[in-house]
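Step one of this worksheet: look at the structure below.
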Amino acid sequence: MRLAVILLQNAVRLIGLVLIVLGFLFWARQAYSLVPLHMWLGITEVVLLWTLALLALQVRVTLGLVVTGLLWGLLTVAFGWNMGSLLPGRAHEIVRVLHFLIGLGVIGLAESLAARIKRSGRTTAATTV
Ligand code: HEM
């Protein structure tokens, strides 16, 4: 399971970096044709977070962190999917900042879950997936 966690963790980092770079391009009013790619990569990022949350559940990492990971993923997709219609006009900048912070939260939670799974000491052959 340790290898799976390392692969998931690095995939989260790589996709997270691409999401942030694309996001800042959008912020600079560039590359709008890549918004659908950004959205699907964002959903993939959330699926990776959920996978880590389920692995964490399997090795009995704090239930609070697992539940937070699952719910945060749901919030991220719901918010990202609907953000275009939230607070139009100048106030939309608040929505953009919130979306960015929620997205950073996905990466942070995935890092915490991965670190806790590795520290749990239950990533050996007995729990291999
Ligand atoms: C999971 C990590 C994610 C990160 C780090 C991230 C990051 C960003 C950033 C920095 C921006 C530009 C500023 C802003 O508008 O907030 C942005 C824009 C956007 N993101 Fe994400 N995002 C993530 C996930 C998602 C998901 C899951 C969706 C949709 C399902 C999504 C949809 C969008 C949309 C529609 C825009 C607006 C483009 C525009 O019209 O300006 N994002 N994202």
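The values are calculated or read from the model by the stated rules, or taken from the named source; none is laboratory data. Values in this document were obtained by computation on a predicted structure and should not be read as measured data. In this analysis, Cβ positions are derived from the backbone assuming ideal geometry, glycine residues included, and neighbour counts consider all displayed protein chains.
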Looking at this structure, is MET39 farther than 30 Å from SER120 by Cβ, aliphatic (A, V, I, L, M) and modelled with pLDDT of 95 or more?
-> yes
Mind listing whichever residues of region 10-60 are of a type in the set (Ser, Thr, Tyr) and under 19 Å from TRP72 (Cα atoms)?
-> THR44, THR51
Counting only residues that are closer than 21 Å to PHE24 by Cβ, surrounded by fewer than 17 Cβ atoms within 10 Å (Cβ to Cβ) and more than 8 Å from the ligand (Cβ to nearest atom), how many does region 94-116 have?
-> 4
Kindly indicate which of ALA78, ALA91 is more than 8 Å from the ligand (Cβ to nearest atom) and modelled with pLDDT under 95.
-> ALA91
From the set of residues in region 1-59 that are within 13 Å of the ligand (Cβ to nearest atom), in a helix (DSSP H, G or I) and of a type in the set (D, E, K, R), which is surrounded by the most Cβ atoms within 10 Å (Cβ to Cβ)?
-> GLU45
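Residue-wise test of (1) over 12 Å from the mean Cα position of the chain (by Cα); (2) modelled with pLDDT of 95 or more; (3) under 19 Å from VAL18 (Cα atoms).
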site	(1), (2), (3)
GLY64	yes, yes, no
GLY69	no, yes, no
GLY73	no, yes, yes
SER85	yes, no, no
PHE100	no, yes, yes
VAL106	no, yes, yes
THR124	yes, no, no
